[in-house]
């Protein structure tokens, strides 16, 4: 399958450092890749100027944090305190509601990462929130590439992180001049984000920061690089439920979004509270003067 190339847009996060990230999903023409509904890529930036994200809420999704460089401290309202480093993954399942903060530690070197969201299916989206940190991830060496599977199953390796959708995610470190062919179920769609270097995805040139999207119907994704590349491969079965996404909430109706916003700003127990090294919380912005509609 010939992929379509998507170029990210720059978004300034509401943080203490106002860092900019490159967002490829959601896009006007690509709202999701399987159940992956959000793809932010940031850095490399100096570690000390990296990430200072005060407490904020989530509903109806799993956040997935993957680092290429740096160290980030996660804290949340169910009592989790965890520092994540490269080669490890944080899965936070928001369920009916959770709050968390993220702080890059003041060390030498750079911060370089992706922040990803997975939609939760309707039958589990009101579950109790949970958090998992996984350092025991499968690493597969094949075709001049090192593949670390952080979500789902790929190339015979299965991440131990809890999944609620038929999805997969992996980092691929591709050596100079190498080619790798990854079998993909014909019913799956996939996206390849180029985090470093450049690549050729199913015969299509894909530059640094771009994402190559492959529709269902093929049996594999072939990736090569003359200079070497670091990539993130995301995919899975198309997620067909209609969603209302606004700010940090993933719901099914405008009324649910409005309720979550009002409860967060009122410091309702739904989202809890917790101490951290940042202090303060990010208030939810005003809703638009239109009724938010579900999108497929």
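The values are calculated or read from the model by the stated rules, or taken from the named source; none is laboratory data. The shown structure was predicted, so the numbers you read here are calculated from the model rather than taken from an experiment. Reconstructed Cβ throughout: ideal geometry from the backbone, glycine too, with neighbour counts over all protein chains shown.
Restricting to the range 133-161, name every residue that is buried (at least 16 other Cβ atoms within 10 Å of the Cβ) and over 29 Å from residue 176 (Cβ atoms).
Matches in the range 133-161: 133, 134, 161.
Is at least one residue of the range 97-113 at pLDDT 95 or above and either in contact with a helix residue (DSSP H, G or I) (Cβ under 9 Å, 6 or more places away or on another chain) or in a loop (DSSP other than H, G, I, E, B) (or both)?
Yes, because at least one residue in the range 97-113 is at pLDDT 95 or above and either in contact with a helix residue (DSSP H, G or I) (Cβ under 9 Å, 6 or more places away or on another chain) or in a loop (DSSP other than H, G, I, E, B) (or both).
Grab the strands (runs of 3 or more DSSP E) fully contained in the range 186-239, keeping just those with 2 or more residues being in contact (Cβ under 8 Å) with a residue 12 or more places away in the chain, touching a strand residue (DSSP E or B) at 6+ places or on another chain (Cβ under 9 Å) and over 18 Å from residue 24 (Cα atoms). I'd like the intermediate steps shown before the answer.
Values: elements: 189-197, 199-201, 204-206, 211-214, 220-225, 229-236.
Those strands (runs of 3 or more DSSP E) span 220-225.
Among what's in the range 262-294 and is outside any loop (DSSP other than H, G, I, E, B) and touching a strand residue (DSSP E or B) at 6+ places or on another chain (Cβ under 7 Å), pick the residue that is surrounded by the most Cβ atoms within 10 Å (Cβ to Cβ).
Filtering the range 262-294 for residues that are outside any loop (DSSP other than H, G, I, E, B) and touching a strand residue (DSSP E or B) at 6+ places or on another chain (Cβ under 7 Å), the one surrounded by the most Cβ atoms within 10 Å (Cβ to Cβ) comes out as 264.
Taking the condition of being crowded, with 21+ Cβ neighbours inside 10 Å and either at pLDDT below 95 or in a strand (DSSP E or B) (or both), how many residues in the range 76-96 meet it?
Within the range 76-96, residues that are crowded, with 21+ Cβ neighbours inside 10 Å and either at pLDDT below 95 or in a strand (DSSP E or B) (or both) number 7.
Within the range 150-157, is there a residue that is part of a loop (DSSP other than H, G, I, E, B), farther than 17 Å from residue 234 by Cβ and modelled with pLDDT of 95 or more? Give the derivation first.
Of the residues in the range 150-157, the ones part of a loop (DSSP other than H, G, I, E, B) are 152, 155-156.
Checking the rest, the ones that are also farther than 17 Å from residue 234 by Cβ come to 156.
Restricting the remaining residues to those that are modelled with pLDDT of 95 or more gives 156.
Checking the range 150-157: at least one residue is part of a loop (DSSP other than H, G, I, E, B), farther than 17 Å from residue 234 by Cβ and modelled with pLDDT of 95 or more.
Could you tell me which of the residues 250, 192, 204, 221 is farther than 20 Å from residue 64 by Cα and crowded, with 22+ Cβ neighbours inside 10 Å?
Within the list 250, 192, 204, 221, the selection yields 221.
Filter the range 1-56 down to residues that are modelled with pLDDT under 95, under 20 Å from residue 221 (Cβ atoms) and exposed (fewer than 15 other Cβ atoms within 10 Å of the Cβ), then give me how many there are.
Of the residues in that region, 0 qualify.
Can you pull out the residues in the range 162-187 that are more than 18 Å from residue 205 (Cβ to Cβ) and surrounded by fewer than 21 Cβ atoms within 10 Å (Cβ to Cβ)? Spell out the reasoning first.
Of the range 162-187, the ones more than 18 Å from residue 205 (Cβ to Cβ) are 162-171, 173, 175, 182-187.
Those that are more than 18 Å from residue 205 (Cβ to Cβ) and surrounded by fewer than 21 Cβ atoms within 10 Å (Cβ to Cβ): 162, 163, 164, 165, 166, 173, 175, 183, 185, 186, 187.
Against the conditions (1) touching a residue at least 60 places away in the same chain (Cβ under 8 Å); (2) in a loop (DSSP other than H, G, I, E, B); (3) closer than 24 Å to residue 137 by Cβ, where does residue 172 fall short? Just the number, please.
Condition not satisfied by residue 172: (2).
Residue under question is residue 125, and the condition is that it be in contact (Cβ under 8 Å) with a residue 60 or more places away in the chain, surrounded by fewer than 18 Cβ atoms within 10 Å (Cβ to Cβ) and farther than 26 Å from residue 210 by Cβ; does it hold? First the steps, then the outcome.
Numbers: in contact (Cβ under 8 Å) with a residue 60 or more places away in the chain: yes; surrounded by fewer than 18 Cβ atoms within 10 Å (Cβ to Cβ): no; farther than 26 Å from residue 210 by Cβ: yes.
Against the criterion (in contact (Cβ under 8 Å) with a residue 60 or more places away in the chain, surrounded by fewer than 18 Cβ atoms within 10 Å (Cβ to Cβ) and farther than 26 Å from residue 210 by Cβ), residue 125 does not qualify.
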